[in-house]
Structure formats: C-alpha cells, structure tokens
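Heads up, the thing below is written out as structure tokens.
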Amino acid sequence: MKSLLKPSLFTAIAIIALISGGCGGEDFLVGDEDDITYLAIGASDALGVGAIPEDEGYVFRIEDELDEELEEDVELCGLCLVALPAAELDQIKDLLDVALDAGVDPDLVTILVGANDILEGVEPEDFGSDLRDVLNRLLDEAPDAIIVIGNVPDLTQIPRFMDGSDEDVTLERITAFNEVIENLAQEFNLPPVVDLFSVMITDDFVADDGFHPSDEGHQIIAELFLEVILSEFGVVP
C-alpha cells in the first residue's frame, strides 16, 4: 500500500467544513466585493504539510505576498482551499465540485497536482481527462479567473524514490504527466506553466519525511508561482 490515507468524498466534505469554520458569516464563500478570492487546488502540500508550522506552506506564502503586492485584500477563506492529503486528481475534482456548488467564485486559482497520481499508477491519459474536467468546470464557473498551474517536480530526485524501488515513479511517467499539463495549459490559454520540474531538488528542499516540501521547498514553490501570478496582475515583484 503506497498511501497511508485514501480519502473519500465524505472525508473531503468534512475537511471543507472544518477549515471553512474560521471565515465567519455567510460571506466566507466569496469574500467582500473588493477582495481577490484565491482558490488553491492541490493535495497535502497545498495544506502546508512539510512546512513548520503548516500555515507557512506555499499557498499561505502566496496569499501573504499578494496581500503585500496588491492594493486589494486577498481573501483565502477556508472553503477556498480545495486540498486533501494523499488525494489523486479524481478525488480533488470531486472536492472542487463541492466547493463551486457551494458558491466559491475565485479570481485567482493555483493548481498543483499529479504527484499522487503518478505514485498510485494512474495513466497520463486518465490524469489528463480529469484535469480537462477541472479546467472546464473552473472556466464555466469563473471565466475571468486567472488560473496558474504548476508541473510535477522530478520525483526521482526525492529521497523517498531515489533508490528507484517504485516502478510507477519514473522519469518517463513524470515527463508524460508534465506534457499533459503543458498541452492543456496551452489549449485553455492559461498563463505559462510554473516549471517545478526544472528545480534542482536538494536535501534542503525536502522535509524530514523524504517526500513533502520543507520550509525552503515551500518557499521556492511560492516564489515560482508568484513570478507568474504577479505578472498576470501586471505587478513587477
């Protein structure tokens, strides 16, 4: 068994309810009219796993930096964090549907997915079908949103997989997944893909569990996403 947790949609809904509780009132779904609502889509790394504390993960670093760089407040309420530990994209897609059906109306979306799909043996074509569904749903619900997607880092450089003992985690499969991401980003006229694959992964990049980003890893991910995001907002970092 590769994953310690195989989340269900019921678990996903429970997590949404849990992390949305701190937003307060009915406006937690969309924020104020002048806010920029940020929707982060991902797995455990989007929740900050590997960072100490976890609210220093890359999503929260992006939020903090945008709050400083942009005149508007950046609203990252709990329900706008669509992420679930150990989730593959088909499970994250179900969670996204729940969030959008609940009324989340994002202005900015970041997507960082694919690592768990590679680990669990999902075929690139199936991953591509799920990613297409995610992008179609987002653009149907929020056609003016800025959607920034990252590709999959070179997992073969991560300590957990450096010995090559996992037959699903290969450079060939990672490259195939990243080609899917790049092709769909171009097809949907998205901003340039955040190139995490080209990051040289050192020991400092990876947390003690040998898999998730460390504090430094989360910072690097945030900086690379921000280069694209701020450019889309017309801001020079």
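The values are calculated or read from the model by the stated rules, or taken from the named source; none is laboratory data. This structure is a prediction, so every number in the text was calculated from the model and none was measured. Virtual Cβ from ideal backbone geometry, glycine too; neighbours counted across all protein chains shown.
Observations, loosely collected:
- If you go through the stretch 158-184 and pick out every residue that is in a helix (DSSP H, G or I), in contact with a helix residue (DSSP H, G or I) (Cβ under 9 Å, 6 or more places away or on another chain) and modelled with pLDDT of 95 or more, you end up with 10.
- Search result, residues across the stretch 190-225 that are within 21 Å of residue 135 (Cβ to Cβ) and assigned to a helix (DSSP H, G or I): 221, 224, 225
- Among the criteria (1) over 22 Å from residue 162 (Cβ atoms); (2) among the charged types (D, E, K, R); (3) without any contact (Cβ under 8 Å) to a residue 40 or more places away in the chain, the one residue 232 does not fulfil is (3).
- Enumeration of residues in the stretch 36-86 that are without any contact (Cβ under 8 Å) to a residue 24 or more places away in the chain and buried (at least 21 other Cβ atoms within 10 Å of the Cβ): 60
- Test: residue 140 is outside any loop (DSSP other than H, G, I, E, B) and either more than 18 Å from residue 232 (Cα to Cα) or aliphatic (A, V, I, L, M) (or both): yes
- Here residue 148 qualifies as at pLDDT 95 or above, touching a Ser or Thr at 6+ places or on another chain (Cβ under 8 Å) and not charged (D, E, K, R).
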